[in-house]
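Below you'll find the structure, written out as structure tokens, and then a few comments.
The values are calculated or read from the model by the stated rules, or taken from the named source; none is laboratory data. Since the model is a prediction, treat every value here as computed from it, not as a measurement. No Cβ is skipped: glycine too gets one built from the backbone with ideal geometry, and neighbour counts run over all protein chains shown. Note: accessible area is taken over every heavy atom of the protein model, side chains too, but ligands, DNA and RNA are not part of it. Shrake-Rupley method; radii C 1.70, N 1.55, O 1.52, S 1.80 Å.
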Amino acid sequence: MAWTIPIILDVDKSTAEQMKKAGKVLLQNHQGVGIAILHVKEIFTFDKEKTAKGVYGTIDSTHPGVAKTMSMQDYLVGGKIDYIQRPEENEIRKYRLT
């Protein structure tokens with residue numbers, strides 16, 4: 001059974017405002033290669049504790065997922081994604097579901 005975790009893009013307030021104005025944003029991998037276009041539909045703040053509890057079932061900061069969630073930026077950006085190219089092949093590729 002797959003355990004899915006939401007894919008989210010967290011940004012600071014200034015970046016959120018710029019993304020909203022732009023409407024479309026190029027998403028790049030760690031090597032700077034454009035892999036997708038995000039069509040910005042919504043930008044919102046979120047309750048980090050509620051999110052951690054909902055995803056991981058705990059707010060214990062020793063849990064690595066909770067620690068990551070609590071250290072995220074304050075704004076989330078959502079919208080449709082159009083792939084330019086799929087992420088490169090690596091050993092976890094076989095576990096990626098689209």
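Give me the percent of accessible area attributable to carbon and sulfur for the chain, probe 1.4 angstrom. Answer for the chain is 53 percent, counting heavy atoms of protein chains only.
Here the Karplus relation 6.51 cos²θ - 1.76 cosθ + 1.60, evaluated at θ = phi - 60°, turns the backbone of segment 23-32 into coupling constants of x, 10, 9, 7, 9, 10, 7, 5, 9, x Hz, with x for every Gly and Pro. Using θ = phi - 60° in the Karplus curve 6.51 cos²θ - 1.76 cosθ + 1.60, the 3J(HN,Hα) couplings for segment 33-45 round to 8, x, 10, 6, 10, 9, 8, 5, 10, 8, 9, 8, 8 Hz; x is entered for Gly and Pro.
What do you get for GluC sites (Glu not before Pro) in segment 47-98 restricted to DSSP loop and a cutoff of at most 10 other Cβ within 10 Å of the site's Cβ? The qualifying sites are Glu88, Glu89, Glu91. In this simple spin-label approximation, Asp82 and Met70 carry label points 7 Å from Cα along the Cα→Cβ vector, and these lie 4.1 nm apart.
All other residues whose Cβ lies under 15 angstrom from that of Asp60 are scored, Lys and Arg at +1 and Asp and Glu at -1, for a net of +3.
Per residue, the average separation of C-alpha pairs within less than 8 Å and at least 6 apart gives the chain a relative contact order of 35 percent. Around the Cα centre of the chain, unit charges on the Cβ atoms of Lys, Arg, Asp and Glu (plus for the first two, minus for the last two) sum to a dipole of about 280 debye. Dipole of the chain computed with +1 at Lys/Arg Cβ and -1 at Asp/Glu Cβ about the Cα centre; of Gly65, Thr45, Gly34, farthest Cα towards the positive end is Gly34. Judged by the ratio a/c of the largest to the smallest principal axis of the C-alpha gyration tensor, segment 9-85 counts as prolate, that ratio being 1.5 or greater while a/b is larger than b/c. Other residues lying with their Cβ under 11 Å from the Cβ of Gly79 contribute a combined charge of +2, Lys and Arg counting +1, Asp and Glu -1.
In deg cm²/dmol, rounded to 500, what helix-only [θ] at 222 nm does the chain give when every DSSP H run of at least 4 residues adds -39500 (n - 2.57) and the total is split over its residues? That calculation yields -7500 deg cm²/dmol at 222 nm.
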